[in-house]
Every structure is written in structure tokens, then in C-alpha cells.
Amino acid sequence: FAALPQRRLVLALANTLLVLAGFSLLRCLFNHSIAVIATILIALDPFLLTQSRVYRTEGITVGLMLLSVLMLLYYAQVQQWRWLLASAVLAALAALTKLTSLYLLPFTVVVLLFWPILQSKPGALPLTLGKFGQFFTSVRLKQVIVDILIWSLTLVAAFFLLWPALWVAPLH
């Protein structure tokens, strides 16, 4: 019990750094006002505040997942590979802390697949199945598949490299 305050301090500082990193990404994605409001709401979230005070990994997992999602969204906007790779590494770190964070796999597929639809104007959304099919042929489905494969392979590589038990007996 003597080391518990230091461990809590480390978790609180890690959660604070994750929230601050989230703020910088939110500022890149949106304007400064939205980033400030979103960061205040995230920082004052009761779940995050509670999990920052106890010695458990849920708070860290939430922060890593948030950063992974924000980096994925930023990649979808700017199309720079480093953001896609960083998103996958953070998803692997989140999966190493809590395996339930692997829901980021289908989330990433959906975001990369439907990002052009989300960015289109409301009147330009494809309403019929024919237009929907034309949309996906014009979106360059090949690029989306490559992005998903790169993200997935980076996640698996980071997971393997950061978990030394897999080096010794990967099948067990």
C-alpha cells in the first residue's frame, strides 16, 4: 500500500497527457473552440476521473482508444501515412491494456470505408442502391482495402513487439 500513491500519480499523469494529446488532435480536426469544449468535457468525465484515481487500466485504455480514433479521423482528412500507423500502434497499446478495445478493428473499417460519405454534403448522399454502388467504385475501394490492411498489420506487429510473451510461445 505504500507505493499506491505513486502508482496513482503515474496513472493520473498518463491520463492527463492523453487528454492533452487529444486536445491537440481535436484542434487539428476542428476549430479551437470546439477542441477546448470537447477537452473540458473529456477531462471532467466522471468515468475518466474515477478511473484515474484507482489503480486499474480502464482510464488509460479510454485515452489510448480516443487518440487512436482521433488519429484515424485525422488520417482520413490529410491522408498522411504516419497518422494511420500511429492510430494502429495506439490501438495495439489499448488492446494490450484491455482486450475489449479491439472493437476498434470494425470501427476502423467502417470509418475508412464510409469517410467520403460522411464528408459529402447532405444533398449529395447516395439514396439509391445504384448510386451507392457507383459511389464505391468511384471512391477507390482498392485504397481503402490497402489502408485497412496496413492498419491491421501495424496493429498486429505492434501487439507482437510490445508483448514479449508472444516472442517465447506465440501459440500459447
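Observations, loosely collected:
- Total residues in segment 77-94 satisfying the condition of being in contact (Cβ under 8 Å) with a residue 40 or more places away in the chain and open to solvent by less than 50 Å² (accessible area, probe 1.4 Å): the figure is 5.
- Failed condition for ALA35, given (1) farther than 25 Å from ILE148 by Cα; (2) open to solvent by 20 Å² or more (accessible area, probe 1.4 Å): (2)
- Residue within segment 15-31 that is without any contact (Cβ under 8 Å) to a residue 60 or more places away in the chain and over 23 Å from ALA86 (Cβ atoms) present: no
- LEU49 hydrophobic (A, V, I, L, M, F, W, C) and either outside any helix (DSSP H, G or I) or more than 15 Å from the chain's Cα centre (by Cα) (or both): yes
- Checked against the criteria, ARG82 does not count as at pLDDT below 80, among the basic types (Lys, Arg), in a helix (DSSP H, G or I) and out of contact with any Leu (no Cβ under 8 Å at 6 or more places or on another chain).
- Criterion (open to solvent by 50 Å² or more (accessible area, probe 1.4 Å), part of a helix (DSSP H, G or I) and modelled with pLDDT of 90 or more) met by exactly one of VAL69, VAL156, VAL110, VAL62: VAL156
- Hits in segment 3-31 - residues which are of a type in the set (Gly, Ala, Ser) and either open to solvent by 70 Å² or more (accessible area, probe 1.4 Å) or over 16 Å from LEU72 (Cα atoms) (or both): ALA3, ALA12, ALA14
- Criterion violated by LEU129 - all others in (1) open to solvent by 50 Å² or more (accessible area, probe 1.4 Å); (2) of a type in the set (A, V, I, L, M, F, W, C); (3) modelled with pLDDT of 65 or more satisfied: (3)
The values are calculated or read from the model by the stated rules, or taken from the named source; none is laboratory data. Treat the numbers as computed from the prediction; the structure is a model and nothing was measured. Positions of Cβ are generated from backbone atoms using ideal geometry, with glycine treated the same way; all protein chains shown enter the neighbour counts. Note: areas computed on protein heavy atoms with side chains; ligands, DNA, RNA excluded. Shrake-Rupley method; radii C 1.70, N 1.55, O 1.52, S 1.80 Å.
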